[in-house]
Amino acid sequence: MRGTAELIFTGDELLRGDIVNTNQAYLGERLLELGVFTTHAVSVTDDREAISRAIVSALLRRPDVLILSGGLGPTEDDLTREAVSDAFGLPLVMHQELLDAIGKRFLLLGMHMGDSNRKQALIPQGAEAIAIVGTAPGFWFEDGETLLAALPGVPRELEQMWEGTLAPLVSERLGLRDPDGEPAVRKLRLHGIGESTLADVLKEI
């Protein structure tokens, strides 16, 4: 392995079991393909302080990559921006270009943009925005040796932001393979051999 990652997923719906966290499986697999092993993954309730504590706890272990998923929507329980702001002591900054992009997205959808959507154009000071796929921009920045990124919880949006922005960024920052090249890890799926027998075989490797 050439790097480590930690994942934080926000959302009461994950903890209640209302939905299955497919984002964890997706990100874990995509990171492993780059040679980055996920050492911790945690789901956190929609609580600003709880999310902030999870971020601080992860940073103490200094992962190469820390990815947050969810909490970037317009409602009162979407608190990832605020939690990141608290964890790093960074103010949230309104970006007019993001607000304009969100407004255009609503126009394309033939929908009215409410005042609550304005907060989706807020990102921590010094962070780089990740272009919107739905109506929620992601963002990323570096804290020492850790690359932190916040992505939406909607799987389609998360996957597009990973493929379009974050995978190339992780590869570049960690000096990993070209994300379009050969995978760093290959999986072998075996059958017809017992686990203990296989373990004996692998001792020699």
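What helices in the chain pass both tests, a Cα length along the helix axis of 18 Å or more and a mean Kyte hydropathy of -1.0 or higher, using whole DSSP H runs?
Values: long enough: 48-60 (19 Å, 0.93); 96-109 (20 Å, 0.63).
Span-like helices here: 48-60, 96-109.
Within segment 63-99, name every residue whose backbone N is under 15 Å away from a label modeled 7 Å from Cα of Asp115 along the Cβ vector.
Residues 75-76 fall inside that zone.
Can you give me the Cα centroid spacing of segment 74-108 and segment 25-40 in angstrom?
Here the two parts' Cα centres lie 27 Å apart.
What is the dipole size for segment 87-167, taken about its Cα centre, with +1 at each Lys and Arg Cβ and -1 at each Asp and Glu Cβ, in debye to the nearest 20? Don't jump to the answer; show the numbers that get you there.
Numbers: 5 positive and 10 negative charges, 86 e Å.
For this selection, approximately 420 debye.
Around Asp46, which amide H atoms from residues at least 5 apart in sequence, or from another chain, sit under 5 Å from its own amide H, with H modelled in the peptide plane?
Gly11, Asp12
In Å², and per residue, what accessible area does segment 83-124 have when probed at 1.4 Å with the other protein chains present? Present the calculation step by step, with values, prior to reporting the outcome.
On the way: 2340 Å² over 42 residues.
Value for segment 83-124: 56 Å² per residue.
Show which lysines lie in cross-link reach of Lys119 when reach means a straight Cα distance below 19 angstrom and same-chain residues fewer than eight apart are skipped.
Partners within reach: Lys104.
Given a cut-off of 26 Å, what percent of all Cα-Cα pairs of the chain lie beyond it? Can you show the working numbers first?
Working: 7812 of 20910 pairs.
In whole percent, the long-distance tail amounts to 37.
Loop-only GluC sites (Glu not before Pro) in segment 29-96, please: DSSP not H, G, I, E or B, and at most 15 other Cβ atoms within 10 Å. Don't skip to the answer; put the middle values down first.
Numbers: sites: Glu29, Glu33, Glu49, Glu76, Glu82; in loops: Glu76.
Passing both the DSSP loop test and the Cβ count: Glu76.
Along the charge dipole of the chain, pointing to its positive end and built from +1/-1 on Cβ of Lys, Arg, Asp and Glu, which listed residue (Thr45, Ala87, Gly138) has its Cα farthest out?
Farthest along the dipole direction, towards plus: Gly138.
Test of understanding: what is the full-extension gain from Leu90 to Arg62, defined as 0.36 nm times their sequence separation minus their Cα-Cα distance?
Difference between extended and current length: 8.2 nm.
In whole Å, what are the extents of segment 1-73 along the principal axes defined by its C-alpha atoms, from largest to smallest?
Rounded to whole Å, the extents work out to 33, 26, 19 Å.
For Gly138, enumerate residues with amide H under 5 Å from its amide H, sequence gap 5+ or separate chain, H modeled in the peptide plane.
Those lying under 5 Å, H to H, from Gly138 are Ile130.
Using a Cα-Cα cut-off of under 20 Å, which aspartates and glutamates could be cross-linked to Lys187, ignoring same-chain neighbours fewer than 8 residues away?
In chain and number order, the partners are Glu29, Glu33, Asp178, Glu195, Asp200, Glu204.
The values are calculated or read from the model by the stated rules, or taken from the named source; none is laboratory data. Just so you know, these numbers come straight off a predicted model, no measurement behind them. Every residue, glycine as well, gets a Cβ built from its backbone with ideal geometry; the counts of neighbours run over all protein chains shown. Protein only, heavy atoms only, side chains kept; ligands, DNA and RNA dropped before computing areas. Shrake-Rupley method; radii C 1.70, N 1.55, O 1.52, S 1.80 Å.
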